[in-house]
1. Looking at the square roots a ≥ b ≥ c of the eigenvalues of the Cα gyration tensor of segment 79-310, which shape do they give, rounded for a/c under 1.5, prolate if a/b is larger than b/c, or oblate?
2. What ranking do 187-193, 387-393, 231-237, 286-292 get when scored by the average of other Cβ atoms within 10 Å per residue, highest first?
3. Cα extents of the chain along the three principal axes, largest first, in whole Å?
4. Give the aspartates and glutamates whose C-alpha is closer than 18 Å to that of Lys144, dropping any in the same chain fewer than 8 places away, or say none.
5. Provide the three semi-axes, in whole Å and in decreasing order, of the ellipsoid equivalent to segment 53-164 as defined by the square roots of 5 times the Cα gyration tensor eigenvalues.
6. Using only helices, what value at 222 nm comes out for the chain when you add -39,500 (n - 2.57) per DSSP H run of length 4 or more and divide by the total residues, to the nearest 500 deg cm²/dmol?
7. R0 = 56 Å: FRET efficiency of Leu322 with Met207, Cβ-based, nearest 0.05?
8. Among residues other than Ser420 whose Cβ falls under 14 Å from its Cβ, what is the net charge (Lys/Arg +1, Asp/Glu -1)?
Amino acid sequence: MKNNTSEPPGRQTGLKLARRTSVINLPKDSQIATAISPAMHAPVVVPVSGEVVYHSVEAMVHSDRPVLPVHCLRPSTIVSTAKWFLRQFPGEVMYAVKTNPDPRVLRYLAHAGVKHFDVASIVEVKQVADTLPDAKMYFMHPVKSREAIASAYFEYGVRDFSLDSHEELNKILEVTHGATDLNLYVRLAMANENAAFSLAGKFGVSMEDAPALILAARAASAKLGICFHVGSQCMDPQAYGRAVQHVVDLLDKTGVKLDILDIGGGFPSIYPGLMPPALPSYMKAIKKTLKSHPQLSACKIVCEPGRALVAEGGSVVVRVELRKGNMLYINDGTYGSLFDAGHPGFVYPVKAIRPEGQGKEKLSPEVAEFGFFGPTCDSLDTMKGPFHLPKDIAEGDWIEIGQLGSYGATMRTNFNGFYSDATVEVADKPLLSIFGVN
Ligand SMILES: Cc1ncc(COP(=O)(O)O)c(C=O)c1O
């Protein structure tokens, strides 16, 4: 399959290697994944990245029988997904670092060609700078401390900042001593009604107040940007077009010249019971919208995806510590990498793993619905699911929970002493894929 195809990444040759069980030469797209274990259950260390790469999540469980949760990264999935985004998006792709700031993930993305990184804190600025010294960073949190602005501007060379108030604009100008090389992005409040995770309400200037802020930011900017976020896990490709229409209305109203249009994140992944339209339809809708507004033809177009870029690139493996009826007490939870399975009640794809031997029977092919309790003492550490697992799942079995490459490891706390940063690389396919690779 040619590189410039619109074919989703999983269907490209790179991912086929996950089925093989011998050491192989990885295709270019996947070289960062080093190599795969020659024997199904034995990992090998290959010098390219120094990482151990398991043939599959199952192989890792067979080999290691992990007592703590294990974060499994899929380098070749992340690399090929990022390449697809870079090919298909009609502008620059800026990775939202908050989604998964693991240095390995940053490196896979850079390997794929991602050069732009949306950072939301000075810690994220440092993480990116330490891992990828040549990366260009954009400080896209609309409310920042003076210290963070100063450090980003003077120590790390960040010139791009977002804001949604006159107070923040003044703060940035004061801290940078009236710098004339700032690229300022006015964040608009946007309806998030088509998103599974609404980000509305906290950030963004209203359409009513936007013109004055846009004019003030224009006067202070080398390059002026406008940005918005349609909400995370946006289920409607047309939401971007509606948001762009608001931007165009504001440009007509103010008469300002816009240099950069940043359409934010929100591109969806796929979850059981939450099946969005195919990702190419989002790209199609965005391209159509941009074409229909000649006012934007001279603008640089940027997007800030997080979830869609890396969700499929990670799973978490948990162990069942106890079963009570159809509730499983597992060793990770809402204070760990499963925050979204708790409060917003996300249902993740799951797969039970029971290594053979030690007198254990094979898992039943019959499936039942389960909920999870996390390991902490807090009753909020509950994930109602339903998660579909073999009806005889029991203490000592493991569960792979998919789509946790995004908003998984990054959400961990060590509340109650429960924390694991065990991370491995795996070469199998994700449990569920918006690209149809599973
Ligand atoms: C400013 C900004 N950009 C990008 C993102 C990434 O969004 P998503 O993961 O929905 O693509 C977020 C998520 O909160 C955000 O706040």
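Quick note: the coordinates plus some simple rules give every number you see, no bench work behind them. Everything numeric in this text was worked out from a predicted model, so none of it was measured. Glycine gets a Cβ as well: all are built from the backbone with ideal geometry, and neighbour counts include every protein chain shown.
1. Details: a/c = 1.65, a/b = 1.10, b/c = 1.49.
Cα axes put segment 79-310 in the oblate bin.
2. Details: 187-193: 21.0, 387-393: 19.3, 231-237: 23.1, 286-292: 16.3.
Ranking, from highest mean packing down: 231-237, 187-193, 387-393, 286-292.
3. Principal-axis extents of the Cα atoms in the chain, largest first: 74, 48, 40 Å.
4. Answer for Lys144, where 18 Å is the Cα cut-off: Asp118, Glu124, Glu155, Asp160, Asp164, Glu167, Glu168, Glu174, listed by chain and number.
5. Details: eigenvalues 186, 64, 25 Å².
They are 31, 18, 11 Å, listed largest first.
6. On the way: 11 runs with 106 residues, N = 438.
My calculation for the chain gives -7000 deg cm²/dmol from helical runs alone.
7. Working: r = 52 Å, r/R0 = 0.94.
Efficiency computed from Cβ-Cβ geometry: 0.60.
8. Working: positive: Arg319, Arg412; negative: Asp64, Asp102, Glu321, Asp332, Asp421.
Overall, the nearby charge balance is -3.
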